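Here the structure comes first, spelled out in structure tokens, and everything after it is commentary.
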Amino acid sequence: MNDFTYHAPTTLNEALAALGAEGAKVIAGGHSLLPVMKLNLAAPTDLVSLAGVPGLADIADGGDSVTVGAMCTHAQVAGSAIVQARIPALTAMADGIGDAQVRNAGTIGGSVAHNDPAADYPAACVALGATIVTDRREIHSDDFFQGMFMTPLEDDEVITAVRFPVPSRASYAKFANPASKYAIAGVMVAQGPAGVRVAVTGASGDGVFRVGEMEAALGESFSAEAVAGIAVSSDGMLSDTAAGAQYRAHLVAVMAKRAVAACG
Amino acid sequence: MSGNGTGIGASVKRKEDTRFLTGRGRYTDDINLPGQLYGHILRSPVAHADIGGIDTSAAMAAPGVHAVFTGKDMEGVGGIPTGWLIHSKDGSPMVEPAHPALALGKVRYVGDCVAIVVAETREQAKEAANLVDVDYRDLPAVASIEAAEANGAAQVFDEAPGNVCYDWEVGDRAATDAAFENAAHVVSIDVVNNRLVPNAIEPRAAIANFDPATSEYTLYTTSQNPHLVRLLLGAFVLGLPEHKLRIVAPDVGGGFGSKIPHYAEEAILTWTAGRLGRPVKWTCERIDAFKSDTHGRDHISTAKLALDADGKFLGLHVTTKANLGAYLSTFATCVPTYLYGILFAGPYTTPAVYCEVKSFFTNTVPVDALRGAGRPEATYLLERLVDKAAHELGMDRVEIRRKNFVREFPYQTPVALQYDQGDYDATLDLALDASDWAGFEARRAESAARGKLRGIGISTFIEACGIAPSAVVGSLGARAGLYESGSVRVHPTGSVSVFTGTHSHGQGHETTFAQIVSDMLGVDFDAVDVVHGDSAKIPFGMGTYGSRSLAVGGTAIYLAVEKVIEKGRKIAAHLLEASVEDIEFENGSFTVAGTDRSTSLGEVALTAYVPHNYPEGLEPGLEETAFYDPLNFTFPAGTHVAEVEVDPETGEVELVAVTGADDVGRVINPMIVAGQLHGGLAHGIGQALMEECVYQDDGQLATGSYLDYTMPRAADLPNFSINHNTTLCTHNPLGVKGVGEVGSIGIPPAVINAVIDALRPLGVNDMAMPATSQRVWQAIRQAQG
């Protein structure tokens, strides 16, 4: 690991100022960043921690939406009474991320900013039509997840919160890699103001994607049977020792069916 | 043997757990010596390459760096030796290429040691290692057995044509061939035994020191057998006499076989400490452990079983190819031969057995013992084959086993071993009962109603533990004896120190050995401490592996205690003014037979050290040592049953029940035995369902971290049903056999047999380990066309 300067700002403005340095990087839970730094795959000159910035770890019920502060850990989201009451599918998803240590360290903001193709949050954000709130703008999830590890965030831009519209029903089904517990196929199905959405994580080399054919079928008839016959192409699917492309594509279809069934 | 609250047979809480559970264990990495430097081992990033040159100048100039050494610096230092010479069928000795501690001219696997960078801090050494410029000139790699034996395959060593190390056999080929000619049925099987990464929780570490005042080297290292390291490192690598080389293996956090071998890093560290005159410390990181701890298993086999019309086994023919990796690790060559081929009688009366094993060099991490070491590979093949025979002959899986069990002991197998004792029907009955085998069909129907496929599988097995005797193993190529030493020192006031040449790295010897000694001497359990792991304290030792510690090391201690008692009788006779023949010893008291005249062990001990009133001609002191060389292996045996539920949509296998019925000989501490069985079962279940070390064709490790290599977790496992039926070993005084490897030997075939049983209704008749969800899904899809 390279040497770096650690910044512990106590206001968002201080954090943004520190991020102005060339080679600076935000650190939230550090659960994705630190491992790659240890392998010398990332070598930021400055790490700017958001841990001391107040107001970034609140969860607020906005009536037709729930806003989750960027520094909320997965455990915090999983344990939130507000999230449980309004979007129980998000509770279940957060509770299924990694293991207890990961859930106590990793944050929603870090996960979303990193946009790992096997992370769970991108599927939740896209299916629920979430908005990513930063220090300077709001970005709809449809525009935010631009492919593996790619987002429109600028180098010095800080996510402050994620705002989830409350769906009428939603559910997340994940088939986890048995070793890493990352998603091999994670499917969030949601029915909300914007209609039915089916978002898939873990499977594609391009990161989270929607399955239009399933969304259309569910729009007609919201039932597991409606999606049961819909195959997902293995083109562009990831392939590794745990799951080849065809198996992944198959699992996407199975997880989608199970997520719909679990919506009730 | 009183069987009291802390004696033999009692579930005494482990002495060592107080320090382990409160963070007060003293592991190698906890040790820091004044003035120590840190070494970082630079490892090859490529599987096979000529080293064009190494430029260390930039690394040498980096902050804090004291030295950078490469293979050229160590040229002339002896290579890392192997412990067992195997001869091929034609009588020729195996190919035994040099294994330089630091690569010389060539690297042969990803992880091969290329240089050591020594600096003031660990971080400086690691950073500077990035500055060592190695000119790797890539060569084609052979990363699997198939690649190694292919026509025109790259050569790992010039002196090993076709990458073959040896082509070995055991058993009577002609008799076996004849058995097949007379067979009513012949059943064949092809199996792969998947390569595993050992994954002890404590990564390897070492700290070496040279004391110029005494010319003595000390190496603290994570070893299962410190004396063996001293022998190999001292006599073969560095040329140091035993009295100038001390090896300490302090608390060690798990070994599973991966800490048996003498590793190159131990030689590099010790040599470097001598060169620099400063202590040098190295701790392996997990990511380096994956590519430098010896791996296990990795066999490809084909076998056929000859049966008569009634399902009686007539003959077994096994052909195996084994992957030894890039260099011959300490026990690499004997694991797929003398710990494998001689197991193929199993618990059965098969009259003719023949096994041939061809072992290959590949550009992969060296392969050595891993929990079970050869015996899991043999048991897996045999129990898969027996199940397949039952299926093809339309016989009941239990009945075919029962029909072939050995029932008369001693039993001489056609492959060298002689079983002294056992009762295979008893453990089979126990397992069938405890697993409710008879009620399985109702459970299958219940699962089917939920859309799940349920299966049940069985394996009946024997294992051979405590490899011995020395004269026999020597004649088979072992370069060391396989006895053990034990010393018992009764102190003047009656407390006892026990010194054992075995090494405890999770087994609980400090507790079980203390139970034996306190029981035999009638002293408090807390008055007995067990010392192990230091070549300066222990007379000699062969260490801990192959489930040998209790059967061999425990017996040595037993014999030393007997000597103590014998000497005590002489002192007591003097004190009691009686003849030695009349002195009886029981519960810590020496008594004149038929009288109430007695004296305590404490009195006798004090007299031994303050010999004012003492037998003429008897040496003072009360301390005895025994070396024990067993007459035979011990033969634990048992039946394991696994029950699974398969999700046919995803291919996921859920293990819903595991039943073990084991005969491990006399149990000293039931709680520790249960723990060993649980651990071994988890290990075996890992192999059956999750663990698989995968190399890419270019020799890169595809499963090089916990992101890709699946270890069993607690949540993956059901509660285990553990049951015992005990027959005593006939050739050691405690009647003990061994338990540490039972689970990893017995359970894998039971699990796979269960998976196949679940999938048979879909037309699936074969399944490879590990039965991952993807593999099961593919099998279902193939069967359904």
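What follows draws every value from the coordinates through simple rules; no lab data is involved. Because the structure is a prediction, the values reported are computed rather than measured. When we count neighbours, we look across all protein chains shown, and the Cβ atoms used for this are built from the backbone with ideal geometry, even at glycine.
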Problem set entry | Cut-off 19 Å, label 7 Å out along Cα→Cβ of A:LEU39, residues of the stretch A:183-223 by amide N | A:183-184, A:202-207
For this session: Determine ³J(HN,Hα), in whole Hz, for all residues of the stretch B:646-656 in sequence, where each value follows from phi through the Karplus function 6.51 cos²θ - 1.76 cosθ + 1.60 and θ = phi - 60°; x replaces Gly and Pro.
Result: 10, 8, x, 6, 9, x, 5, 10, 9, 7, 9
Seminar exercise, completed: Cα-based Rg/(2.2 N^0.38 Å) for the stretch B:258-310, rounded to two decimals, is 2.14
Problem set entry | chain B - mean residue ellipticity at 222 nm from DSSP helices (-39,500 (n - 2.57) per run, n ≥ 4, rounded to 500) | -7500 deg cm²/dmol
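Could you grab the relative contact order for the stretch A:169-263? Cα pairs under 8 Å, six or more apart, rounded to a whole percent. Walk me through the numbers before you get to the answer.
Values: 187 pairs, mean separation 28.6, N = 95.
With pairs under 8 Å counted, the relative contact order is 30 percent.
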Seminar exercise, completed: FRET efficiency for B:ASN182 and B:GLU616 from the Cβ-Cβ distance with R0 = 51 Å, rounded to 0.05, comes out at 0.10
Seminar exercise, completed: Log entry: pair-distance distribution for chain B, C-alpha pairs binned every 20 Å from zero, whole % per bin is 16, 47, 31, 6, 0
Seminar exercise, completed: Short to long, in 5 Å steps from zero, the percent of alpha-carbon pairs of the stretch B:613-766 per bin is 2, 8, 14, 15, 13, 12, 10, 8, 6, 4, 2, 2, 2, 1, 1, 1, 0
Problem set entry | Cross-link partners of B:LYS244 among lysines (Cα-Cα below 20 Å; sequence separation of 8 or more within a chain) | B:LYS281, B:LYS537
Exercise. Whole-Hz Karplus ³J(HN,Hα) for the stretch A:98-106, in order, using 6.51 cos²θ - 1.76 cosθ + 1.60 and θ = phi - 60°, x for Gly and Pro?
Worked result: x, 10, 4, 5, 4, 5, 8, 10, x
For this session: Can you tell me the order of B:196-207, A:123-134 when each peptide is scored by its average per-residue count of other Cβ atoms within 10 angstrom, highest first?
Result: A:123-134, B:196-207
Exercise. Under a point spin-label approximation (7 Å from Cα along Cα-to-Cβ), what is the B:ASP308-B:HIS87 distance to one decimal in nm?
Worked result: 3.6
Problem set entry | Alpha carbon centroid spacing (whole Å) that separates the stretch B:520-558 from the stretch B:95-150 | 38
Exercise. When the Karplus curve 6.51 cos²θ - 1.76 cosθ + 1.60 is applied with θ = phi - 60°, which whole-Hz ³J(HN,Hα) does each residue of the stretch A:210-227 get, with x for Gly and Pro?
Worked result: 9, 10, x, 5, 5, 4, 5, 5, 6, x, 6, 8, 7, 8, 4, 4, 5, 9
Problem set entry | Cα pair distances exceeding 21 angstrom across the stretch A:5-165, given as percent | 41
For this session: Two decimals is fine: what's Rg over Rh for the stretch B:295-437, C-alpha atoms, Kirkwood radius as Rh?
Result: 1.01
Seminar exercise, completed: Taking A:192-205, B:600-613, B:49-62, B:473-486 and ranking on average Cβ neighbours within 10 Å, highest first, one gets A:192-205, B:473-486, B:600-613, B:49-62
Exercise. So what's the gap between the Cα centers of the stretch A:226-245 and the stretch B:371-391, to the nearest angstrom?
Worked result: 35
Exercise. Two-decimal Rg/Rh of the stretch A:218-264 from alpha-carbon positions, Kirkwood Rh?
Worked result: 1.06
For this session: Would you mind putting B:675-686, B:630-641, B:308-319 in packing order, based on average other-beta-carbon counts within 10 Å, highest first?
Result: B:630-641, B:675-686, B:308-319
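Per DSSP H run of n ≥ 4, the term is -39500 (n - 2.57); total these for chain A, divide by its residue number, and report the mean residue ellipticity at 222 nm rounded to 500 deg cm²/dmol. List each step's numbers first, then the result.
Working: 12 runs with 90 residues, N = 264.
Helix-only estimate at 222 nm: -9000 deg cm²/dmol.
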Problem set entry | Alpha-carbon gyration tensor eigenvalues x 5, square-rooted, for the stretch A:169-263, Å | 22, 13, 11
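Determine the relative contact order of the stretch A:5-165: mean sequence separation of Cα pairs under 8 Å and six or more apart, normalised by residue count, in whole percent. It would help to have the intermediate numbers written out before the result.
On the way: 306 pairs, mean separation 37.0, N = 161.
Worked out over the stretch A:5-165, it gives 23 percent.
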Seminar exercise, completed: Within the stretch B:184-214, the residues whose backbone N lies under 18 Å from a label point placed 7 Å from the Cα of B:PHE20 along the Cα-to-Cβ direction are B:199-205
Problem set entry | Normalised contact order of chain B, rounded percent, pairs of Cα under 8 Å and 6 or more residues apart | 16
Exercise. Measuring from centroid to centroid over Cα atoms, what is the spacing of the stretch B:241-276 and the stretch B:22-86 in Å?
Worked result: 12
Exercise. For the stretch B:513-556, treating each Cα as an identical point scatterer without solvent, what Debye log10 I(q)/I(0) comes out at q = 0.14, 0.17, 0.29 1/Å?
Worked result: -0.38, -0.55, -1.07
Seminar exercise, completed: Set B:LYS72/B:LYS106; B:LYS13/B:LYS737; B:LYS312/B:LYS358; B:LYS259/B:LYS358, cut-off 18 Å on Cα-Cα distance; pairs above it are B:LYS13/B:LYS737; B:LYS312/B:LYS358; B:LYS259/B:LYS358
Problem set entry | aspartates and glutamates with Cα under 12 Å of B:LYS15, excluding same-chain neighbours fewer than 8 positions away | B:GLU510, B:ASP526, B:ASP529
For this session: Report the normalised scattering of the protein assembly as shown as log10 I(q)/I(0) at q = 0.05, 0.09, 0.10 Å⁻¹, calculated by the Debye formula with identical scatterers on the alpha carbons.
Result: -0.36, -1.13, -1.31
Exercise. Which lysines, on any chain, are close to A:LYS257 with Cα under 19 Å apart, when same-chain ones fewer than 8 places away are left out?
Worked result: A:LYS174, B:LYS452
For this session: Hey, can you grab everything whose amide H is under 5 Å from the amide H of A:HIS7? Only 5+ residues off in sequence or another chain; H modelled, so Pro and N-termini drop out.
Result: A:LEU47, A:VAL48, A:SER49
